[in-house]
Ligand code: MV4
């Protein structure tokens, strides 16, 4: 909506009754309540959202990064209702949404993938043959999953039959699709993803990587660009692979191609996210670009041919969640009695919060993205620590003190760590807050 205001485009917010006091509702030119808190009654209710667009005469819908952002049926309904879905066409979402299809699609485009099954696993014998051929440990993944949901690591043949049955049952329950595939398990990888932009005229480009290795239970907590372990040569290779993956489906819009990077700096395609992501601001800061503006321009048919970027410096994002790091990151909803956000040179805060706002218990716990930009990684870490100190939230627990501790560890400062980082990190209750 900030971008729309700059472009002179009017905005309509949709909201559930749990979000009537959220800042996005106040910021919009118009707002339409689409129902009660449960997703199926509001934010996941396609007819209600289309109705809100129709009564307000909306030309387009920006799906954000939650709920229906990667829902092919929604993109299709928008299109058949004469509303531009700001993002890719339904078929593109479908091709990447089914992870086994995505794998087969990118293999054909020459993108490196982890050795694994050819197609979905048909039966136990197929699973055994595949695992013998690629070697243990292996990982079973649901084809309808993504983001780590429902994955199972199998370290020896004895466990395979049972793990397969459990994975298939869980996949059926969680996604309504029991299809699974098998990959060689990559030990202690880093999560490095490439930002891509594709226009409607067949042009695709990449805007470098984001390193999202610091995660807890598949929830990213800290993201940065550039990755401390990616050099110009590797960036060019990963960038070309990401562009090939997007081009293979004739992609449109902003997308992210996710890779695992192993300790030998080999990279493997994992999945493609066909939406703008939470962590896109780190790319915006280093590349000096408004990615949402690019999404909107691409949706109107603008060309990206001739775009060049001069990436500069280092950017880090810390996700400020309404969670209690002292108690296993349990949700901590409630009123923000004080909400003082940091500022100054190189500091950006994206948030729907304000003093007296009540964080509802219904949705994701992200309340702010704290993003810094500086010339070097060392200076970005110092700036982030300064900004975290300035960020005052009274009323609920947040991840702010957790971030302060992570950023001061020698492992984080060295830049050399893997996705197991938080398994060995112990949060200590601060003596003075
Ligand atoms: C893997 C893997 C190891 N080997 N695939 C998790 C998110 C999903 N997109 C892919 N994931 C993984 N896939 C193979 N063949 C390990 C993970 C993984 C992981 C990846 C990135 C960041 C954190 C992670 C935590 C656990 C597992």
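Structure values in brief
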| item | result |
| --- | --- |
| One residue from 353, 343 being in a loop (DSSP other than H, G, I, E, B) and crowded, with 19+ Cβ neighbours inside 10 Å | 353 |
| Residues satisfying the stated conditions in segment 249-271, i.e. closer than 17 Å to residue 110 by Cβ and in a loop (DSSP other than H, G, I, E, B) | 249, 250, 251, 266 |
| Sole exception among (1) touching a strand residue (DSSP E or B) at 6+ places or on another chain (Cβ under 8 Å); (2) surrounded by fewer than 22 Cβ atoms within 10 Å (Cβ to Cβ); (3) not in a helix (DSSP H, G or I) for residue 318, by number | (2) |
| Positions within segment 81-101 being closer than 21 Å to residue 295 by Cβ and in a helix (DSSP H, G or I), in sequence order | 90, 91, 92, 93, 94, 95, 96, 97 |
| Sole residue being closer than 15 Å to residue 209 by Cα, in a loop (DSSP other than H, G, I, E, B) and more than 16 Å from the ligand (Cβ to nearest atom), chosen from 230, 243, 289, 282 | 289 |
| Exclusive hit being surrounded by 20 or more Cβ atoms within 10 Å (Cβ to Cβ) and more than 30 Å from residue 263 (Cβ to Cβ), set 396, 381 | 396 |
| Residue ID - surrounded by the most Cβ atoms within 10 Å (Cβ to Cβ), chosen from residues in segment 416-433 that are more than 21 Å from the chain's Cα centre (by Cα) and touching a residue at least 24 places away in the same chain (Cβ under 8 Å) | 427 |
| Selection from segment 185-220 of residues that are in a strand (DSSP E or B), touching a strand residue (DSSP E or B) at 6+ places or on another chain (Cβ under 7 Å), within 11 Å of the ligand (Cβ to nearest atom) and touching a residue at least 24 places away in the same chain (Cβ under 8 Å) | 190, 191, 192, 193, 212, 213, 214, 215, 220 |
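Residue by residue, here is whether (1) away from the ligand (no atom under 16 Å from the Cβ); (2) surrounded by 15 or more Cβ atoms within 10 Å (Cβ to Cβ); (3) closer than 19 Å to residue 70 by Cα holds:
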{"site": "85", "(1), (2), (3)": "yes, yes, yes"}
{"site": "102", "(1), (2), (3)": "no, yes, yes"}
{"site": "122", "(1), (2), (3)": "yes, no, no"}
{"site": "131", "(1), (2), (3)": "no, yes, no"}
{"site": "134", "(1), (2), (3)": "no, yes, no"}
{"site": "144", "(1), (2), (3)": "no, yes, yes"}
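Per-residue answers, yes or no, for (1) farther than 18 Å from residue 307 by Cα; (2) surrounded by fewer than 22 Cβ atoms within 10 Å (Cβ to Cβ); (3) in the same structural domain as residue 349 (by TED's automatic domain parsing):
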| site | (1), (2), (3) |
| --- | --- |
| 199 | no, yes, yes |
| 214 | yes, no, yes |
| 231 | yes, yes, yes |
| 239 | no, yes, yes |
| 272 | yes, no, yes |
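The values are calculated or read from the model by the stated rules, or taken from the named source; none is laboratory data. As the structure is a computational prediction, the values presented were derived from the model and not from experiment. Here the Cβ is made from the backbone with ideal geometry for all residues, glycine too, and neighbour counts use every protein chain on show.
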